[in-house]
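Below is one structure, written out as structure tokens; the observations come after it.
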Amino acid sequence: MADKFRDPAVSIWVKQPKTRKRGVAPSALSRDRIVRATVGLLDADGVHAFSMRKLAAELDVTPMSVYWYVDNKDELLELALDDVLGQMRIPPLEDHGDWRRHLHALAHEYRHCFQEHPWAAQLAGQFLALGPNSLLFSTSAISAITRSGLPADQAGAALGLLFEYAYGFALLESQWLLRVRASGLSEEEFYSVVYGIVEQADVRFVEQAELVGNGGTNSAAARDRRFAQGLDFALAGIDARIAGARTSGASTEAH
């Protein structure tokens, strides 16, 4: 069954604060503590196994105590997602900073966040990126691309190329890592099983694996290498577009 359409107005980041009922917040509990516990459970068991009842048990409180701070599970998941996005190390962009280096670093941090929290890659496609940490990341990326000299309509496309690539890579990677975890095998052991099955079904698979650089392995090092190469290709494409525009402009001025 397809996911139910999510009205953007119900996002915790844009909805009007709800007036709480009379009384005081449950003692020894805070929204920060709830979010930290939520992240821990999501890291351990994933999105599908998470429930408010499990969270309450982890916090040793009643479920109603949690609902004093959030209205529903979706709000809590939004908070957890923005919390882990806040773990990204976003370098300052100085006036003399290199926009390429900055975007390169941001793309790696973005992917690393989803490596550490595979569930977050799933949620990032479901919720609006309106939390404070998400907006900080976006603002940093926009500040960098504006220094490239690209016109505004092309700058947005350039950022999409970089970060949609990073997200797509991270999402597929997170699904792979979740499959590995569920198998109870190491990554190399699981890949060997998959490699053997597909090799029997299609003899061309070995040649294709060599072509894309797997070399019969799907280790973290191989994934790191593929991601870095793809990111370099994307940045090179942006550089080529900028260089082409400059050449075209210089040619026009000469005439």
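The values are calculated or read from the model by the stated rules, or taken from the named source; none is laboratory data. Since the model is a prediction, treat every value here as computed from it, not as a measurement. When we count neighbours, we look across all protein chains shown, and the Cβ atoms used for this are built from the backbone with ideal geometry, even at glycine.
Key figures
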read-out	value
First in the stretch 128-146 and touching a residue at least 24 places away in the same chain (Cβ under 8 Å) and under 14 Å from H102 (Cα atoms), second anywhere and in a helix (DSSP H, G or I) and of a type in the set (S, T, Y), Cβ under 6 Å, 6 or more apart	none
Any hit, the stretch 52-69, residues being without any contact (Cβ under 8 Å) to a residue 24 or more places away in the chain and surrounded by 18 or more Cβ atoms within 10 Å (Cβ to Cβ)	yes
Spans of helices (runs of 4 or more DSSP H) in the stretch 55-174 with at least 2 residues farther than 20 Å from R226 by Cα and under 18 Å from the mean Cα position of the chain (by Cα)	73-85, 118-124, 132-145
Single unsatisfied condition, R36 versus (1) out of contact with any Pro (no Cβ under 9 Å at 6 or more places or on another chain); (2) assigned to a helix (DSSP H, G or I); (3) modelled with pLDDT under 95; (4) of a type outside the set (G, A, S)	(3)
Residue match in the stretch 80-91 (condition: of a type in the set (G, A, S) and closer than 30 Å to L29 by Cβ)	yes
Residue count, the stretch 129-147 (criterion: surrounded by 14 or more Cβ atoms within 10 Å (Cβ to Cβ), in contact with a helix residue (DSSP H, G or I) (Cβ under 8 Å, 6 or more places away or on another chain) and farther than 23 Å from A240 by Cα)	5
